[in-house]
Amino acid sequence: MTVLTQHFRTVFWEDDAAVLLDQRLLPVREVYNRYRDVDGMADAIRDMVVRGAPAIGIAAAFGVVLAARQASGDREAIRRSCAQLAATRPTAVNLFWAIERMKRRMDRDGPSVSALLDEAQRILSEDIAACRTLGDLGAAFIPDGATVLTHCNAGALATGGWGTALGVIRSAVAAGKNIRVIADETRPRLQGARLTAWELSRDGIDVTVIADNAAASLMARGQISAVVVGADRIAANGDVCNKVGTYSVALGARAAGVPFYVAAPVSTIDRACAHGGLIPIEERAAEEVTLIDGVRVVAEGVPALNPAFDVTPAHLVSAIFTEAGVFEGDYGKSFSRMDAQSAAER
Ligand code: MRU
């Protein structure tokens with residue numbers, strides 16, 4: 001069995017501060033920023049110092065701890081900070097899930113900094129454990145010798161550790177399989193080129209970057225065995241919202257007969273959202289499209305649209321890997337069964 005060592009930490013608590021690996025600077029510089037107030041943490045989430053659905057949930061949970069420390073027992077002030085953190089990014093449901101969980105802990109144990117820090121640490125360690133489990137479950141679907149295409153970064157950089165889509169790949173490699181990864185560059189912010197390639201190459205996993213628009217033809221030519229992506233929110237019917245461009249990959253995969261898998265913790269499933277059309281899609285600044293590294297590539301005065309996410313309809317998804325099991329077919333029914341089972345276990 002191959003032992004993989006993750007050489008970095010994405011989001012953690014150290015001494016009296018929340019610490020984030022500044023993902024805006026990767027792969028050129030590896031810098032850890034320390035946050036001691038909730039305003040700084042809210043800005044960090046909005047500016048994408050930390051990004052990826054589970055990772056921003058964990059960062060927000062540490063943000064609530066910082067808020068509690070500043071508020072010295074004032075519950076209303078902590079609630080206002082929760083609203084501030086929730087207003088940073090609209091699409092990834094893990095952000096709201098983590099903040100709600102922190103509020104419930106405050107309702108139970110009061111505005112105690114140590115209780116809230118305990119809850120945030122639990123959210124972090126449970127996320128790592130979930131990624132390990134769903135990674136192992138998903139790896140069973142990836143044959144030895146496979147070439148796996150992924151979009152964006154759904155790795156250790158996007159979670160507490162191990163990753164979701166990249167967790168499946170890590171688990172497959174750890175089980176001794178020979179896996180090659182093709183990473184879409186992921187315009188406009190290049191999470192695939194800058195982050196996925198960095199994180200996999202540091203683990204010694206074979207990774208090659210392609211321009212996003214090369215994905216469909218590689219699949220059509222039989223050069224991709226499977227697609228595995230993460231998710232920012234999965235609707236109750238199994239529609240999957242993820243980084244913009246994921247839908248095009250899913251269409252290409254269906255046309256080429258390539259399986260399209262989604263890997264996500266249960267905290268990414270939004271049972272209150274009936275279908276993907278109801279998921280709020282973040283619209284980011286036009287400059288992310290019109291400028292590359294500060295250099296203008298679109299004529300002055302020409303507008304750009306920049307939706308950060310898209311929705312892949314459930315019928316294009318071959319399976320969803322979660323820590324609670326692998327779902328296939330009618331996702332609405334299997335999510336309901338999972339809810340009933342976990343209610344019975346409580
Ligand atoms: O805008 P980002 O970089 O936060 O978007 C991240 C993604 O779309 C990831 O694929 C998703 O959050 C899954 S992370 C395990």
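Read the figures in this text as sums done on the coordinates, not as results from a lab. This is a predicted model, so every value here is computed, not measured. Counting neighbours? That spans all protein chains shown, and the Cβs are built from the backbone with ideal geometry, glycine included.
Between V266, V295, V227, the GNM of the chain built on Cα springs shorter than 10 angstrom shows V295 fluctuating the most. Ranked for footprinting exposure by Cβ neighbours inside 10 Å, fewest first, L251, L116, L85 give L251, L116, L85. Relative to the longest principal axis of the chain, what angle (0 to 90°, nearest 10) does the C-alpha long axis of helix 113-139 take? Between the helix axis and the principal axis of the chain, the angle is about 10 degrees. Distance between the modelled labels on S114 and A87, one decimal in nanometres: 3.4 nm (7 Å Cα→Cβ projection). Just to confirm my numbers, what's the Cα centroid distance between the range 101-140 and the range 236-281 in Å? Distance between centres, Cα-based: 24 Å. Take the Cα of L278, go 7 Å toward its beta carbon, and the backbone nitrogen atoms of the range 302-346 under 14 Å from that spot belong to 332.
Against the main long axis of the alpha-carbon atoms of the chain, helix 53-71 sits at an angle near 10°.
By the gyration tensor of its Cα atoms, with a ≥ b ≥ c the square roots of the eigenvalues, what is the shape of the range 131-345: rounded for a/c under 1.5, prolate for a/b over b/c, or oblate? Cα axes put the range 131-345 in the oblate bin. Loop-located trypsin sites (Lys or Arg not before Pro) across the range 34-142 with a Cβ neighbour count of 15 or fewer within 10 Å are R36, with loop assigned by DSSP. Within the chain, DSSP assigns beta bridges of which about 50% are antiparallel (rounded to the nearest 5). Springs between alpha-carbon atoms under 10 Å, Gaussian network over the chain: tell me which of D212, D43, D107 tops the mean-square fluctuations. Its mean-square fluctuation being the largest, the pick is D107.
Looking at the square roots a ≥ b ≥ c of the eigenvalues of the Cα gyration tensor of the range 102-193, which shape do they give, rounded for a/c under 1.5, prolate if a/b is larger than b/c, or oblate?
Details: a/c = 4.22, a/b = 1.98, b/c = 2.13.
The shape class here is oblate.
Counting Lys and Arg as +1 and Asp and Glu as -1 over every other residue whose Cβ lies under 11 Å from the Cβ of D136, the net charge comes to +1.
The residues S267, S248, when put in order of fewest to most other Cβ atoms within 10 Å, stand as S248, S267. For the chain, the longest principal axis of the alpha carbon atoms and the long axis of helix 165-174 meet at an angle near 70°.
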